[in-house]
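Contents: one structure, followed by commentary.
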Amino acid sequence: MDPTAAILRTDPTPMNGTGEDLSSSYIVILILSIFTIVIALVGLAGNSVVLWLLAFHVQKKTPFHIYLFNLAGADFFSLCFSIIFSLEIFSTLFIFRYFEFLLNFTYITELSILSAISTERYLSVQFPIWYHCRRPRSMSAVICALLWALSLLLSLLEGNFCGLFSKNYENFRYYSCRVIDFISVSWLIFSFLLLSGSSLALLVRLFSGSQQMKLTRLYMTIGLTVLVFLLCGLPFGMQCFLLAWIQKDFFELPDYTFWVVTFLSSVNSSANPFVYFFVGSFRQKRRQTLKLVLQRALEDNQEGESEGSSPQETMQMEGSRVC
């Protein structure tokens, strides 16, 4: 589970294939690197706007504001490291080898925070009275801090302890790396199952059942963010954490595979701000400031909702009044 191995395999030295095959592979990697840099620069601008608005211009912050602020931060750093990684193709200095854990760190953080967002949204729907009355106010900030710390710990163990501290002890390195790989993969699988299960449960509550709920902008924001991650972000985790662990003993992936999933991961990190602004400006004829558009994307009510609310929404409002 070492991305550096994938990077080093892109060295333009013929191994088993012909020079023509190697040249075409290098061209593909070069094109992917250029596209990754362009997409990442656009995503950096979008995530910077989200961070700026959430930090300085949104007064009343909900738990989901805090989660999205941390998610935007993780996306921002992920895009920065993706640019550094992509620039390696234009340089003979393998600077990335000294920062190899950073890309994994931001990816684990993104998945963990997204899982927390989806899970908390499900809890707010399933247990509205507890959510409004008994939920600790600082729970979102504490959870985000713990997820950042856990992601950093796993990445440091994988990138430094496994890769550097045990170089002179091959047997110890092999078994310790296997244990660290297993822990990291287990956490990612757990986060993915939590994300998928809570998202699926929300879909069931939205479109079926006796307590069917209305589709609000917050649901759309979370749903589209999860969908983008499953399409563009999940391949990075599968290749770098799962397949890279298995392929050591069973098979080899093409040289450009890691660059493809890195490009897709950059698309995932860049798309989230555009999801927020799309949902916030949907069906709005008048021009609005970015602050209002972002606030609308996180609204948990629907136009005309006061005239008739679903049973679950009524419970939520009653819970708020009880508190």
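The values are calculated or read from the model by the stated rules, or taken from the named source; none is laboratory data. Because the structure is a prediction, the values reported are computed rather than measured. No Cβ is skipped: glycine too gets one built from the backbone with ideal geometry, and neighbour counts run over all protein chains shown. We work out accessible area using only protein heavy atoms, side chains counted, and drop any ligands, DNA or RNA first. Shrake-Rupley method; radii C 1.70, N 1.55, O 1.52, S 1.80 Å.
Below are the figures for this structure:
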{"item": "Residue that is part of a helix (DSSP H, G or I), open to solvent by less than 50 Å² (accessible area, probe 1.4 Å) and either of a type in the set (F, W, Y) or on the phi > 0 side of the Ramachandran plot (or both), where the choices are F85, F35, F69", "result": "F85"}
{"item": "Hits in region 103-125 - residues which are within 17 Å of L264 (Cα to Cα) and at pLDDT below 90", "result": "L103, N104"}
{"item": "Residue within region 283-294 that is under 30 Å from L87 (Cα atoms) and surrounded by fewer than 22 Cβ atoms within 10 Å (Cβ to Cβ) present", "result": "no"}
{"item": "Residue check, V226 modelled with pLDDT of 85 or more, among the aliphatic types (A, V, I, L, M) and surrounded by 14 or more Cβ atoms within 10 Å (Cβ to Cβ)", "result": "yes"}
{"item": "Selection from region 146-161 of residues that are under 18 Å from L103 (Cα atoms) and open to solvent by 50 Å² or more (accessible area, probe 1.4 Å)", "result": "W148, A149, L150, L152, L153, L156, L157, F161"}
{"item": "Some residue of region 241-258 being at pLDDT 85 or above and under 23 Å from the mean Cα position of the chain (by Cα)", "result": "no"}
{"item": "Residues located in region 1-25, provided they are closer than 24 Å to M238 by Cβ and modelled with pLDDT of 55 or more", "result": "S25"}
